[in-house]
Protein chains: 2
Amino acid sequence: MTTAAPSIRVAIVGLGSIGREVLAAVRARPGLDLVGVADPAFAGRDAGEVSGLEPCGVTVTADVASALANGAEVALVLSASGVADVIPAIEAAAAAGADVVSTTEDLSCADFATPELARKIDATARAAGITVVGTGVNPGFVMDRLPVTLSKVCVRVDRIEVTRVVDVATRRAPLRAKVGVGLTPDEFDAGVAARRLSHRGLPESCALIGIGLGRRFDRVQSTIEPVIEERPGVLPGRVAGLRQTAIGMLGGREIACLRLEMSLGAPNPHDRVRIEGEPPLDVLIQGGTAGDPATVGAVLSAIEPTMAAGPGLKTVLDLVLAV
Amino acid sequence: MTTAAPSIRVAIVGLGSIGREVLAAVRARPGLDLVGVADPAFAGRDAGEVSGLEPCGVTVTADVASALANGAEVALVLSASGVADVIPAIEAAAAAGADVVSTTEDLSCADFATPELARKIDATARAAGITVVGTGVNPGFVMDRLPVTLSKVCVRVDRIEVTRVVDVATRRAPLRAKVGVGLTPDEFDAGVAARRLSHRGLPESCALIGIGLGRRFDRVQSTIEPVIEERPGVLPGRVAGLRQTAIGMLGGREIACLRLEMSLGAPNPHDRVRIEGEPPLDVLIQGGTAGDPATVGAVLSAIEPTMAAGPGLKTVLDLVLAV
């Protein structure tokens, strides 16, 4: 006879659209127990109601520490894209002894763009005995964890090419705004220059591939360009989205090439990983990986492997598949 | 300035066709140092020469203990398909304090068919502080680790279907014999009844999917049937290979369905994973994963993650992607 393991006590930080979907999924999954939710925009309200569900008896707090005070073992930090923005939440989690699973894009490989912050988070996490991991579908899966997983049956990898094409018509409005839909080309360029526009995390995915291959890249080259709408009647001449690339270079050779297109009406949405090596591999995800539910899935799946990983700032490459 | 990590001291047990390819790959990979090779069939000969390479200065020994005596940190056990057959090698590795990475098919999930042996190996490994893992391309990757990896972006998995079609014309002669090529249907049936014919490890892959989903199956149902040659002139009426299935059942529901065809001239060789759930996923490996080099790749890739896993009998689901 086996006894069911006790439920894992989970807190959510950030009740944006992904936060609400994660809340619904946490509530629906046996073995997870929602014990706190923080989001200053909804403080004092029932977290279930904010998420469009029945009341769940958890009142949203303005601050993270209060949301963790009810014995949370893991904090799902879903509130921001930049590493610096989530440091207060990570510090609160460290103080409470809660592990952190986060969709913060830049945290997927914090060492890439913010090595000093990465060292600081790692030191904080180790001192508190907690684990911090950034994950999601992209970054966190399609363009990093999956290609690295595939590379593990190769005796030799010469080059990895990953392509993801997303029709943003099927995605949330904030995502369409983030990729510049409806802007003029000049507005797009200004938005890129001001770092308001881009898919966050693509260079981080590229850096993760280098780590997963055991060959940290010397350099990751990034480019962003607009996709211009050419279909008659649909804002012709305006921006329909973006094409972004990240190329991982080592010793003057291109080892990884990541190409992402996110645009309105993008033809043939799909994900594809091609490995040149021995054996070569050509892997197609037909229709692509649906971003929002896959992000929710990635967050929930990461909870137990994160809790099982050793203390410190980790990546999805440190997560096992079964605990 | 970083200092290169010291090389990992590797021994190989078994110099069959995969053993020889693994030997060549170990010799070619920086960071791995071949320190011993055991195979009674080639005792006293230079392991490089046996493998069709230049002499490598390592003399093949008849017994495993001697091959590990030169400070081996990991033993690559490539000598047999059944769990019982490799227990002596695992015990020798335990005595030497060497971790074990093995292509022994049934060891990929030893708990499935031989739970008592699995407990014995686990106890031996824990007592010695070593880690034991069975891996390869199938079992070990295409029909277990890969589908489980994909499931980690799903909020909900209703059912997983994995198909692998291999044209054995492109593979080694022993593999063609193992799937019954050239037999009469009666000889095929007798070979299946005597357990001489089958692809080893398919039920184990199915069981691994259950573990990876956090839902161990109540039951795994297996079937094997011959593929009968119908092309004119090519042994018509004889067996061209086999079709094998493994179905994972839980609470009366089919959760996983694995279909493997390995036959001469099989049309459209490929691997495919379909997940019914949220989100659904449909993943195609175009042309399939080439079995022999992928097995060698899987073995080499498993070395460092196995050494980093805690002591005991583990599976590929316990291996991280970067160490």
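Summary table below
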item: Pairs where the first residue, in the stretch B:251-262, is under 15 Å from B:Ile209 (Cα atoms) and polar (S, T, N, Q) and the second is open to solvent by 30 Å² or more (accessible area, probe 1.4 Å) and in a strand (DSSP E or B), C-beta under 7 Å, 6+ apart; result: none
item: Filtered residue count, the stretch B:252-287, keeping only those that are open to solvent by 10 Å² or more (accessible area, probe 1.4 Å) and either under 18 Å from the mean Cα position of the chain (by Cα) or more than 7 Å from chain A (Cβ to nearest Cβ) (or both); result: 16
item: Near pairs, Cβ below 6 angstrom, 6+ apart or cross-chain, from the stretch A:31-56 (open to solvent by 60 Å² or more (accessible area, probe 1.4 Å)) to any residue that is of a type outside the set (Asp, Glu) and part of a loop (DSSP other than H, G, I, E, B); result: A:Asp33/A:Ser7; A:Pro40/A:Ala62; A:Glu49/A:Pro55
item: Qualifying position, being within 22 Å of B:Ser301 (Cα to Cα) and either in contact with a strand residue (DSSP E or B) (Cβ under 8 Å, 6 or more places away or on another chain) or modelled with pLDDT under 95 (or both), among B:Gly44, B:Gly31, B:Gly48; result: B:Gly31
item: Criterion violated by A:Leu197 - all others in (1) open to solvent by less than 10 Å² (accessible area, probe 1.4 Å); (2) more than 30 Å from B:Gly291 (Cα to Cα); (3) in contact with a strand residue (DSSP E or B) (Cβ under 8 Å, 6 or more places away or on another chain) satisfied; result: (1)
item: Subset of the stretch B:306-323 [in contact (Cβ under 8 Å) with a residue 40 or more places away in the chain, surrounded by 23 or more Cβ atoms within 10 Å (Cβ to Cβ) and not in a strand (DSSP E or B)]; result: B:Thr306, B:Thr315, B:Val316, B:Leu319
item: Leading residue by the ranking (farthest from the other protein chains (Cβ to nearest Cβ)) among those in the stretch A:206-221 that are in contact with a Gly (Cβ under 8 Å, 6 or more places away or on another chain) and in contact (Cβ under 8 Å) with a residue 40 or more places away in the chain; result: A:Val220
item: Cβ-Cβ under 7 Å pairs, at least 6 apart or on other chains, the stretch B:103-131 side open to solvent by 70 Å² or more (accessible area, probe 1.4 Å), far side outside any helix (DSSP H, G or I) and modelled with pLDDT of 95 or more; result: B:Arg126/B:Pro311; B:Arg126/B:Gly312
item: B:Gly291, sole failed condition from (1) more than 9 Å from every other protein chain (Cβ to nearest Cβ); (2) at pLDDT below 95; result: (1)
item: Flag for B:Gly16 being closer than 25 Å to B:Ala95 by Cα, in contact (Cβ under 8 Å) with a residue 12 or more places away in the chain and under 22 Å from the mean Cα position of the chain (by Cα); result: yes
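The values are calculated or read from the model by the stated rules, or taken from the named source; none is laboratory data. From a predicted model like this one, the values you see are computed outputs, not experimental measurements. All Cβ positions, glycine included, derive from the backbone under ideal geometry; neighbour counts span all protein chains shown. Surface accessibility is based on the protein's heavy atoms, side chains included, excluding ligands, DNA and RNA. Shrake-Rupley method; radii C 1.70, N 1.55, O 1.52, S 1.80 Å.
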